[in-house]
Amino acid sequence: MAAGVPPDALGRRVSCGTDYGTVRYVGSVSPTAGIWLGVEWDDPQRGKHDGSYEGTQYFKCRHPKGGSFIRPNKANFGVDFLTAVKDRYGLNDEQDAQYGTGNTVVFGTKTVEFVGMDSVAEQQRQVQLNKLVDISVRECAVSCAGQEEEISRTCANMRHINLSKNLISSWETVIAIASQIQNLETLNVSENKMRFPSTSTFTSSAFSNLKILALNQTEITWTEVLLCAQGWPVLEELYLSSNNITVLERPDNVLQTLKLLDLSDNQLLDGNQLHLIAQLPRLEQLILRNTGISSIHFPDAGFGCKTKMFPSLKRLAINDNKISQWSSINELDKLPSLRALQCNNNPFMETEKNPETLIQLIIAKISQLEVLNNCEILPAERRGAELDYRKIFGKDWLEAGGHWNPEKNKPSEEFLAAHPRYATLCLKYGAPEEGELKGRQPLTLKNQLLTLTIKCPEKPEQKPVEKKLPESMTIQKVKGLLYRLFKIPGSDLKLSYESSKLEGKEVELDNDLKPLQFYSIESGDCVLVRW
């Protein structure tokens, strides 16, 4: 092998300036003299050809112009882990020399020699390295572990390591580094295009304490994930974004401790792939952003029932996908533990032009949801959404065979499939009354006025007052009106209301900027005033 070219150069990761690539060929290129490296670049625009030169194919590239030849002296094959740590944290020999920790010190005109100064400086470095707990050597050209046991001898307290965007060529290198760090809890090796084991190999104890692992942009497949996962016995968070993962397999006896899985930016074959990971017992958060899925279905559960799939799933992200049917949102109500959902940028959201109505529909369809698109769902907001849903689809319910008389109430299967929660909402709030189902009236002031009874529980002697108020009136303005009515400072007032449809329950009017209609107050309801 030529000088400057490592014996294992073939398949190694290299950098040249700011560009990264993989060595696919080492040798001569006729008719030129000397040794060349054939490199397949991560960014095809850096390349010139497909690995061929003047009619001879020296190596192959995935992109027709993704390769080029460079001289070995232009390629950076990287450094060992400890060298990168010392460079990053200013603990290497060169910096010691630069800052004058040599064997002699000048006092005035006298030069005094200190015997053993080198060993003292080395001891100080060791102490400082041993103090490091959280280490980042991102983009430090790390390519190997270095001398055996050197890391464990000098960095015994490391727990969190960022090794992203380096020159690591294989998973074996990661194991060689991690096996020397006894209490490693967090490891990020993203943006290292490396080789992973393709068959079941000896399971290393290198990751026995690892809880968080990031493998974004590493070209790992799901099959390789499951093989490596045999060595991750307590892993809780796994990040696998942008890996061209298309097909999943059932994780038998691995990943059983996983709480978070990020599969974003992988174009999955279809939504049914999710069924293969649905039995992970502790999975609480699943990130499926931009995975190309167009539908979600849990076939083991019927309308109004809970699925046995994803038993612990609390947070789900399905934003930036191709979900076009509301039936997929209905399916999410089958998840027994779901509390938070992100679903922006899906075609189904374009079916409703009013963004507030859109949010109400999602809230009404998923009974246990507490956070939607990072916004908390307040109890009053849920009540308003469910009451409005009941009204909006009331006519469809009647036409499909719904009836106020429970004995005659037989809505069609088609209606129940489209609105699985409708029957539950009728039980909760009562079936919609005929007056509520009339077509939308012109929005005149008369139609928008609410007739409300106003009571002061703390002043029994004060007779209830009946007032007609616009439903668009904000709580702040209502308080101003009541101040004039009862001669009480508006800022001190606390408002709530009771409805005949919510017997025994009192709903607080706790947001001064919201209108009365936000709380789904109706004519005949009673506003309670306290201070």
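The values are calculated or read from the model by the stated rules, or taken from the named source; none is laboratory data. This is a predicted model, so every value here is computed, not measured. Here Cβ is always computed from backbone atoms with ideal geometry, including for glycine, and neighbour counts include all displayed protein chains. Just the protein is used for accessible areas: all its heavy atoms, side chains included, with ligands, DNA and RNA removed. Shrake-Rupley method; radii C 1.70, N 1.55, O 1.52, S 1.80 Å.
Points worth noting:
- Number of residues in the range 222-255 that are under 17 Å from the mean Cα position of the chain (by Cα), open to solvent by less than 20 Å² (accessible area, probe 1.4 Å) and closer than 29 Å to G21 by Cα equals 5.
- Condition met for A9 (free of Cβ contacts under 8 Å to residues at least 12 places away in the same chain and either crowded, with 18+ Cβ neighbours inside 10 Å or assigned to a loop (DSSP other than H, G, I, E, B) (or both)): no
- Test: residue in the range 103-111 that is more than 31 Å from the chain's Cα centre (by Cα), under 22 Å from R13 (Cα atoms) and modelled with pLDDT under 95: no
- Single residue of the range 315-329 satisfying the filter (touching a Lys or Arg at 6+ places or on another chain (Cβ under 7 Å) and surrounded by 20 or more Cβ atoms within 10 Å (Cβ to Cβ)) that is farthest from L261 (Cα to Cα): I329
- Candidates F303, F298, F310 - the one that is surrounded by fewer than 19 Cβ atoms within 10 Å (Cβ to Cβ) and of a type in the set (F, W, Y): F303
- Among residues of the range 141-162 that are farther than 27 Å from S15 by Cα, those with a Cβ under 8 angstrom from a residue that is acidic (D, E) and part of a loop (DSSP other than H, G, I, E, B), sequence gap 6+ or separate chain, pair up as R159/E185.
- So E219, is it open to solvent by 20 Å² or more (accessible area, probe 1.4 Å) and outside any loop (DSSP other than H, G, I, E, B): no
- Single residue of the range 113-144 satisfying the filter (at pLDDT 95 or above, among the hydrophobic types (A, V, I, L, M, F, W, C) and in a loop (DSSP other than H, G, I, E, B)) that is surrounded by the most Cβ atoms within 10 Å (Cβ to Cβ): V137
- With a requirement of 3 or more residues that are surrounded by 16 or more Cβ atoms within 10 Å (Cβ to Cβ), the strands (runs of 3 or more DSSP E) lying completely within the range 447-531 that satisfy it span 449-455, 494-498, 526-530.
- Apart from one condition, A400 fits all of (1) farther than 26 Å from N319 by Cα; (2) touching a Phe, Trp or Tyr at 6+ places or on another chain (Cβ under 6 Å); (3) touching a residue at least 40 places away in the same chain (Cβ under 8 Å); the exception is (3).
- Checked against (1) open to solvent by 10 Å² or more (accessible area, probe 1.4 Å); (2) more than 24 Å from the chain's Cα centre (by Cα); (3) of a type outside the set (A, V, I, L, M, F, W, C), E191 meets all criteria but (2).
- In the condition set (1) within 25 Å of the chain's Cα centre (by Cα); (2) open to solvent by less than 10 Å² (accessible area, probe 1.4 Å), E370 is compliant with all but (2).
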